[in-house]
1. Looking at this structure, is PHE738 surrounded by fewer than 23 Cβ atoms within 10 Å (Cβ to Cβ) and of a type in the set (Phe, Trp, Tyr)?
2. Taking region 231-265 as the search range and keeping residues that are of a type in the set (S, T, N, Q) and within 22 Å of ASP288 (Cβ to Cβ), which one is surrounded by the most Cβ atoms within 10 Å (Cβ to Cβ)?
3. Tell me yes or no: at least one residue of region 308-315 is within 43 Å of the chain's Cα centre (by Cα) and either part of a loop (DSSP other than H, G, I, E, B) or modelled with pLDDT of 90 or more (or both).
4. State yes or no: is PHE494 in contact with a Pro (Cβ under 8 Å, 6 or more places away or on another chain) and surrounded by 16 or more Cβ atoms within 10 Å (Cβ to Cβ)?
5. Which count do you get for residues in region 797-813 that are in contact with a Lys or Arg (Cβ under 7 Å, 6 or more places away or on another chain) and of a type in the set (D, E, K, R)?
6. Could you identify the single residue in SER682, SER661, SER644, SER655 that is in a helix (DSSP H, G or I), under 29 Å from PHE851 (Cβ atoms) and at pLDDT below 85?
7. From the set of residues in region 409-425 that are outside any strand (DSSP E or B) and touching a helix residue (DSSP H, G or I) at 6+ places or on another chain (Cβ under 6 Å), which is modelled with the highest pLDDT?
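The values are calculated or read from the model by the stated rules, or taken from the named source; none is laboratory data. Here the structure is a predicted model, which is why all the values come from computation and not from measurement. Note that each Cβ is placed from the backbone with ideal geometry, even for glycine, and that neighbours are counted across all protein chains shown.
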Amino acid sequence: MIPPRISPRISFDAEKLLFLALSFSVILVTFSDGPHVAVEQSSNNSNPTTIPVNLGVVLDLETWMGQMGLSCINMSLSDFYSSNPSYKTRLVLNVRDSKRDEVAAAAAALDLIKNKQVQGIIGPQDSVQADFLIHLGNKFHVPIMSFSATSPSLSSIRSPYFIRATQNDSSQVKAISAVVQAFGWKEAVLVYVDNNLGEGIITSLTNALEEVGTGVPYRSLISPLATEDQILQELYKLMTMQMRVFIVHMLPTLSSRLFAKAKKVGMMSEGYVWILTNGITDLLSSVDSSILASSMQGVLGIKTYVPYTPNLDNFMVRWKMKFQRDNPSIHNPKLNIFGYWAYDAARAMAMAIEEMGATNFTYHKLNASIDAIDFDTIGVSQNGQKLLQKIGNVTFTGLTGNFRLIDGQLEPTLFQIVNINGNAARGIGFWTLENGLLRDLYSFNTSKYSTSKSNLGSILWPGDSTSVPKGWEIPTNGKRLKILVPMNYSFPEFVTVTQDLSTNTFQVSGYCIDTFQAVIEKLPYAVAYDLIPFTFTDGSTYNDMIDQVFYQNYDAVVGDTTITANRSLYVDFTLPYTESGVAMVVPYKDSKSKNAWVFLKPLTWDLWLTTGCFFVFIALVVWILEHRINEEFKGSVAHQIGTSFWFSFSIMVFSQRERISSNLTRFVVIVWFFLVLILTQSYTASLSSILVVQNLQPSVADVDQLLKSGEKVGYQHGSFIYGILKQMKFADSRLICFHSPEECDALLSKGSAKGGIAAAFDEVPYIKLVLSQYCNRYTMMPTLKTAGFGFIFPKGSPLVPDISRAILNVTEGPKMMEIENKWFPSKSNCLNSTNSVSSNSLDLDSFWGLFSIVGAAAVLALSISMVMIINRSWHEVTSSSSSLWEKIAGLGRRFYQRNFNSHTLRERRGRNMDDGGNEIAAVETSENTNFPLSPSRDFSQNRDDIDNEQGTPSARHLCEGSSLASEARVCC
C-alpha cells in the first residue's frame, strides 16, 4: 500500500509552472558543456548475469563535501560488491551536480527520475536542497537518502520517502543544555544562520535550555550572504547586552567570518563563552587553521564522537591514497564524519536493493491527462515502498559504529565535548543520553545522570583564562542600573529619602539600603547603580512600583518589598533578607480580673488525685512500720490516725515533729521527701508562671475571634495586607489604615468601640518595630506565612543568583547584626514578643517515674517488715495446737502488739530499772516545781501483758514492795 502524501500539495497551475522550470533546467543539465555534466558510473558490473539498478546521486560537486562524499560512495559500492561477488544486483551510479542551487538540485533529481528511472537518490548535500527533493520523492515514490542534511524540520514522519543517514541536529540539544547547566549559566543567546538549517534546531534547543533553567532572551539571525558590515553590526548589538553566553549554529564558512569579526571587536576576550554545535565542530578540518589559532581560542563545541576501530583506520588510509590518485591537484585531503556516513549510506542502499532480489525495477505509468506537461506522465516507482521497508530493516557495523535507522533516521550516538586550543579541538569529556557528562567513556555511572562540571577536563576559555566565566556582565559602555526605592514615610527606619533642594539631589538611607549596599560589596565584581526615589501618588501601591520593573523602565527595586506568589509571576526576587510572615498586634488583657481558683491550675486533676492518694498511702506505711516500736504512733485509734496523717502531710512543708525509729521507715520517708521536694518546687514555679501569663494574655486569640466579634482592624497604608484582609472576609467598613507606628498605637489604645481598632495586621518586620517602642502594651500573634523582604529584578536577570548568594553571606555574618542595631536600637530593651508566653499545667506524665519509685520503696519496706514479724513469731504460732484461723488471729495480734525487743523500747525500759535489776516507774520532775509529773505512758497501758511477755513481776508487786510511798502511789 502506497502511503498518503503528507507534504503540502502544490496547486495545479503551480505544478505546471514548476514542471516547466524543472524541464528547462533538465535540458540545460543534460546538454550543457563544461564541468557540470552528468556522470554515469558502473559499480563492478562485469558479471553479465547481474541485474543493473539505477541509483541517483545529487551533490554539490564544486564543494569539498560533494567531492569527498562521491568518492566515499564509490569506495563503498566497490568494497561491497568485491567482497560479495555472488550478489545478483549491481547499483549503477547516475551522478548529477546540484551547482549549489535548490532549483538546480530539484532539476537534477527530476532528470534522474524521468530519464533514468532511478530507484533511489543519495543526496542532496544540504537541508535547503533536501526540502525541494523531498516533494519529488513523495510524488514519484522514490526514496531520498541524505548523509548530510541534518535539519530537524526534514522529518521522516512528514516526508515518508526521506531517509536521513546522519544525525538529526536536535539530537545534540541535550548535550548543549547539560554543558550550560554544569556551569550554571542562566541566559544564553542563540546565533544561527537564517535559513532552513539554522531555524530547524531553534525550537528544540530553546526548550532544552529552558528545562535546565536557562532563558533565551535574544536570538541573533545572520544571513548566509551577510556582508562584513552586517556581521559587525550584529556583534555590536550583542556587546550592548548583559548576556555573554553565545551558542552558534551555522556552517563553517559563515562561522569563520563571524569569529574573525568577533575577535576584532573584542568578543573573544575573558568573560565570553562561545559554544559550537556539531554542524561546525564536525567540519573543523575544513576551517582555515589560521582562523582557529587566532579567532577561536577557548571556544567549546559539541562533536559527534566516532570511536577508533582498525576498520576505520584502514579505510582512511585507502581513501586518501585513492582520492589523491584520482585528484592529484588536491593536496592533503581531510576526511570527516560526513564521508563516513556517505560510505555507510551507499552500503545500506546496496544491501536493501540486494534484499529485494530479482525484481522488475521499472516505473508504473499512470493515466496521463491531455496536458503533456502533467507530472503523471512520468509515472511512479513500483518498488519505492518495498525499498523503504528494506532500508529500514538494514543493520550492520559501519564506519561510525552500529548503523540502524529509527523512524527513518540514524540512531543517535554519543557526543564529545571539545575545547579549541591551538590549531585543533581537544576533547574534555563526553555526553550520553543515559549518563550525561562523563570524563571518559569508562567512568560512567549507569544509575545517575550527571551535569557536574567536575566530569569535564580543564578548559581554556577565551582570553586565555582558566576561570569559569559567570555568563553575563554589565556592559562597559557607561550604563548604570536604574534602581527604584520607595519613599516610605510610614516606617522611615526601612527606607528614608531626603532631598537637597540646593542641589536637587536625593539622599537614600535606611535598613534596606544598608543591607543592599552590604550585599553589593560581597559580589565578586563591581555593579554601578543609581537609586531613584519612587513617589506614591493617591491610590498607588507597591505593585505600581514593581510594574515599572516588569515594563523594563527600571532595572531593579530595593526597599521593603515583600516576596509574594503573585508578584513572582512578573518579576524575579532574590532570597529574603528579613524574617517572614504576616502577624497581628493586639493589646494585652486587663490584668485586674483574677481567678479565685488559680492555685489549682499548676497541676492537672489526675496529678492532684495521685498526690493525695500517695499522702494517704505513705501515712499508712509509716504507721505500719512504726506503731509496734514507736510510742509516738500509739494511743487511741483517732490518735494513731491523726498522728500518721499529720506526719505524712507535714512532710510537704518539712515541719514534722514525730521521731521515727525504724530504718525501713527512714528509707521510705527519704524517697518521699525527694518526691515532695520536686513536686512543691514545680508547683511554685508553675503557679508563678501562670500568674505572670494572666497579666500578659492577649485581648484577641485569633483571626476567627475578630471576624465573629465584628470589631475593626488596621493595616499599613499601601501594603498588600489590604488584599489579604479582604480574602479573610473583612468588610471595607471594618478596615482602617495607619501610616506610622505612632498612629497604630493611637488606634489600638482607643479600641474598636471608641473609633480605633482591636488589632493591627502587618508584616513581621513592621510589627517588631512597633513592639520595640510599645512592647509593654502589645503582643504579636502570628497569622500567615510570607517569604519576607527581597530585592526585585526583571525576569531572567543574571544578577538574581549572585545577589542571593551574597545575601546569605551577609545574613550569616556579623554585618547584619550591625545594621539591625543601627536602625532598631531600642528593640533590645524590650521583651521579645515574637515568643508568646504560655504555661501549661503539670500533668502526671512528668512525675509518674518518681511516684513509681516511692511506691516500690514503700512496698519493699512493708514486705521486709512483714517477713521479720512472721519469722519472729513463726515457731510459737506453729507449735500451738490451735486451729488455722486461731493461728492467723495470733499472728494478727503479734502484728498489733509492741515489740520490746526493738532497741528503742529496750533503751526506754533500761532507764526504768533500779540497781538490783527491778523495773521501776519513770518519774519526771518539772523544772519549775518540785512536784512529780504524770507517769510516762511507757508502762501505763497493758502492764500485765508486758509483764507476762517479759516474765517479770507485776506492777502491783513492785508497788507493794516499794519503800517510797510517793513512788508507790505514782506506780499504783
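1. For PHE738, the condition - surrounded by fewer than 23 Cβ atoms within 10 Å (Cβ to Cβ) and of a type in the set (Phe, Trp, Tyr) - is met.
2. SER255
3. For region 308-315, residues within 43 Å of the chain's Cα centre (by Cα) and either part of a loop (DSSP other than H, G, I, E, B) or modelled with pLDDT of 90 or more (or both): present.
4. So PHE494 fits the description; yes.
5. Looking only at that region, the number is 0.
6. SER644 is the lone residue from the list that is in a helix (DSSP H, G or I), under 29 Å from PHE851 (Cβ atoms) and at pLDDT below 85.
7. ASN423
Results for (1) assigned to a loop (DSSP other than H, G, I, E, B); (2) buried (at least 17 other Cβ atoms within 10 Å of the Cβ); (3) among the polar types (S, T, N, Q), shown as yes or no for each residue.
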| residue | (1), (2), (3) |
| --- | --- |
| GLY427 | no, no, no |
| PHE430 | no, yes, no |
| ASP440 | yes, no, no |
| LYS470 | yes, yes, no |
| THR503 | yes, no, yes |
| THR537 | yes, no, yes |
